[in-house]
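What follows draws every value from the coordinates through simple rules; no lab data is involved. For clarity, every value in this text was computed on a predicted model and none was experimentally measured. In this analysis, Cβ positions are derived from the backbone assuming ideal geometry, glycine residues included, and neighbour counts consider all displayed protein chains.
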Amino acid sequence: MTSEELHNLTAVVLAGGRSMRMGVDKTQMVLGGQPLLVRAVEAVHPLANQTIVVTNRPDEVPVDQLPADVLITTDEIAYQGPLGGLVTACTHAKNEWILSCAADMPWVNETVVSYLQQYREGVDVVIPVGPQGPEPLLALYRVDAIEPVGRAVLASGRRRIVAMFDELKVKEIPRSDLEEIDPGLSSFFNINTQADFAKAQSKVRVSSKVEIAETEEVESIDLLQMKKSGQVRLMTAKEAGRKMPSETPVTIHLNGVEVATVQATATDTEDMAIGFLLAEGLVRNRSLLDGVDIDAKRGMVYVTSQEEVPLGLIHDTRYVTSGCGKGITFSSLGHARGIAPIVHDFSIEVSDLHAWMSELATRSVEYRERGGCHSCGLVVNGELVLVREDIGRHNAVDKLLGHAWLEGIDTTNAVLLSSGRVSYEMIVKAAKSRIPFVASRSAATDLATEIAEELNITLTGYVRGGKAIVYTHAERLKEAEQEDIESAGG
């Protein structure tokens, strides 16, 4: 196969997903100084004579960072997964074959692509197959074959690429055959979770800075000398090389009324604003929300809703600090005790609780990079689906619950995880989202425990080191061994 034949491809970068696991548009997450989407395009662009990016957010594509000949097109069938993106690309492809690649796959290997192309003769799909089955996000597809079949599959209500394969001639390539040419199979690494992103960051640091090893060796020697001499090493922030956590005022408006100014980490501010308004009872009906506008430069969030602003609830604009103390909510304790108790037979295993808390720590990227941040997570149907971080515990909860409300995620059988102390306001926020279970890696206050007991919420603390303290409603914890769980009451 000639060099020209090897590159006679249309590379399609699929960038149209909702990124539900990450909770953010992961194509815009920066890895090694570049958005993930840019890295993916740069990986496949030299391998093809046409490159297409299929997205549901064309306005957010960093066009200025992409090669000039890259075609940006909008997904014809929005939010139907990679299959919708492939079908859309077929209408724009000028070549017989498409090379698909997800926008979160930054290390596609040219040798792997060349190897796959050797098997195109007489088939419609060339696809690697691993222990978990086919790998459809990095594969070759014949345009004339997959376009009609793909449209028929989508029309039937199915969304998976593999749903086409019964109607196509498919050549499967064992991933093990590719390990010799791509050690570690980096080509198939894609970023679905914050933990995956952390691994990618580590890989970038190791590959781009060989001197890291030398630096660590020197630092270990210095540490040894300090221990021997009893000296303490002082460093400037620049010498330490660690970024500081971000804190900035964010002012929330609802229907033109300035509601509150919150000291927060200026990420996921839309989610935080909605979560704050939701917890305060200022928004309730998702179908009545008109929109959220962000003025990032001025630190303003403008929420418009068909629900009226209950002015009696807002006496004055409140300044909400990022730290602890009173005054962070308009709701009085009496108002909290007016919430209906949660009636739910939801239950979990203690081992799962520890596993989720461990995953929360792994996915807390801001904390690992900067420190000084709290994180919280939302577990739905046994999976940690959302993670949010902020300098303020309450802000992190607002970001989490605001995003869940905006995306229509059912929280009635969810678990709210927190890295920090649980205060009564956090229990109230959980109760208003009808969450029956709250767990913390740290402590819970006596008032939080009292309110959780009244609202029928299971509250656990110190979930770490194979132990946990259950403060309220232990009946939701199943298969709990005495040595694993301590009762706060005895």
### Summary
The simple spin-label model distance between D69 and A443, using points 7 Å out along Cα→Cβ, in nm, is 6.5
### Query
So if R0 is 22 Å, what FRET efficiency would V380 and S347 give, r being the distance between their Cβ atoms, rounded to the nearest 0.05?
0.90
### Message
Can you order the peptides 40-53, 342-355 by their average number of other Cβ atoms within 10 Å per residue, highest first?
### Response
40-53, 342-355
### Query
Which order results if I274, I391, I469 are arranged by neighbouring Cβ count within 10 Å, fewest first?
I469, I391, I274
### Summary
region 439-477 and region 88-149 have their Cα centres apart by a whole-number Å value of 49
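R0 = 41 Å: FRET efficiency of I181 with E453, Cβ-based, nearest 0.05?
Values: r = 61 Å, r/R0 = 1.48.
Computed FRET efficiency for I181 and E453 comes out at 0.10.
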### Query
Once label points are set 7 Å from the Cα along Cα→Cβ at both T267 and N49, what is their separation, rounded to one decimal in nm?
4.3
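Just order 411-417, 143-149 by mean Cβ neighbour count inside 10 Å, highest at the front, would you?
Highest mean packing first, the order is 411-417, 143-149.
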## Note on the structure
Full extension between R158 and V30 adds, at 0.36 nm per residue less the Cα distance, a length in nm of 42.9 nm
### Query
Going down the list K26/K399; K26/K199; K26/K203; K199/K399; K203/K399, which pairs span over 20 Å between their C-alpha atoms?
K199/K399; K203/K399
#### Entry: Rounded FRET efficiency, nearest 0.05, which uses the C-beta distance separating E407 from V257 and R0 of 30 Å
0.75
